[in-house]
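Colleague: To start, I am sharing the structure in question, which I have written as structure tokens.
The values are calculated or read from the model by the stated rules, or taken from the named source; none is laboratory data. None of these values were measured; they are calculated from a predicted model. Cβ placement follows ideal geometry from the backbone for every residue including glycine, while neighbour counts extend to all protein chains displayed.
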Amino acid sequence: MNQKEDDLLISAASGDRDAMTRLLERCAGPLRVRVASSIDAKWQAVFDVDDVLQITYIDAFDGIQRFNPRGIAAFQIWLYRLAENNIRDAIRHMDAAKRPSPVHRVTAANEDETCLNLVESLGVCSQTPSRVAAAKEARQLLQAALANLPPDHQEVIRRFDLAQDDPAQIAASLGRSIGAIYMLRARAHDRLRRILPSISV
């Protein structure tokens, strides 16, 4: 690793977004090749490599300050693991959607109840004894939490989990692959699990 790359990595880990952008540009070619070759043949029609990379870059920007800058090789491995995790989690979500558990089904008669079901499916429990009051509280919590997510994550949660739109329609309207919708949803759920417990309304 040359000194310029070393400086870029240290700056990126310290929150320098320009340095992070330049690092990702340098790693894009090898990462693209590795991701493209790692997608199993049966999933190649579902995942677009550009979608995988774009969502991985969002994750990298979000997590770079937790990365220990040990060199460009370690950074490239970290990026590839992020991409692998995105694909794996999307496949898990797609499999779950084919055979949804009644416990985790996010359906309800009204918006408040739908929000409560989503919040509960993420493992966040309300301390409010009344379910009606808990549902109203859940909607307020979820709205506040969604404001902390990137726009694409917000859109997928609102349309997939709350409006219960068809994933193929969401993908078409956002110009993404179906796999990307499930990747975004998986990452959005992870972020909501981290954010929701810290929000008060």
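Colleague: Can you name every one of the helices (runs of 4 or more DSSP H) wholly within the range 119-188 that holds 1 or more residues which are touching a Leu at 6+ places or on another chain (Cβ under 6 Å) and not assigned by TED's automatic domain parsing to the domain that holds Val35?
Modeller: Those helices (runs of 4 or more DSSP H) span 131-146, 151-156.
Colleague: Considering the range 108-167 alone, what residues qualify as being of a type in the set (Ser, Thr, Tyr), farther than 24 Å from Ala180 by Cβ and in contact with a helix residue (DSSP H, G or I) (Cβ under 7 Å, 6 or more places away or on another chain)?
Modeller: Ser126, Thr128
Colleague: Are any residues in the range 40-66 charged (D, E, K, R), surrounded by fewer than 16 Cβ atoms within 10 Å (Cβ to Cβ) and either in contact with a Lys or Arg (Cβ under 6 Å, 6 or more places away or on another chain) or under 25 Å from Gln154 (Cβ atoms) (or both), and if so, which ones? Don't jump to the end; show me each part of the working.
Modeller: Our first condition is that a residue be charged (D, E, K, R); within the range 40-66, this holds for 40, 42, 48, 50-51, 59, 62, 66.
Subset that is surrounded by fewer than 16 Cβ atoms within 10 Å (Cβ to Cβ): 40, 42, 50, 62, 66.
The answer is Asp50, Asp62, Arg66.
Colleague: Which condition does Pro69 not pass, out of (1) at pLDDT 90 or above; (2) crowded, with 17+ Cβ neighbours inside 10 Å, if it passes all the others?
Modeller: (1)
Colleague: Any residue in the range 11-32 that is free of Cβ contacts under 8 Å to residues at least 60 places away in the same chain sitting within a Cβ distance under 6 Å of a residue that is hydroxyl-bearing (Ser, Thr, Tyr) and assigned to a helix (DSSP H, G or I)? List the pairs, counting only those 6 or more apart or interchain.
Modeller: Correct list of pairs: Ala19/Ser11; Leu24/Tyr57.
Colleague: Out of (1) in a loop (DSSP other than H, G, I, E, B); (2) closer than 30 Å to Leu24 by Cα; (3) modelled with pLDDT under 90, what's the single condition that is false for His104?
Modeller: (2)
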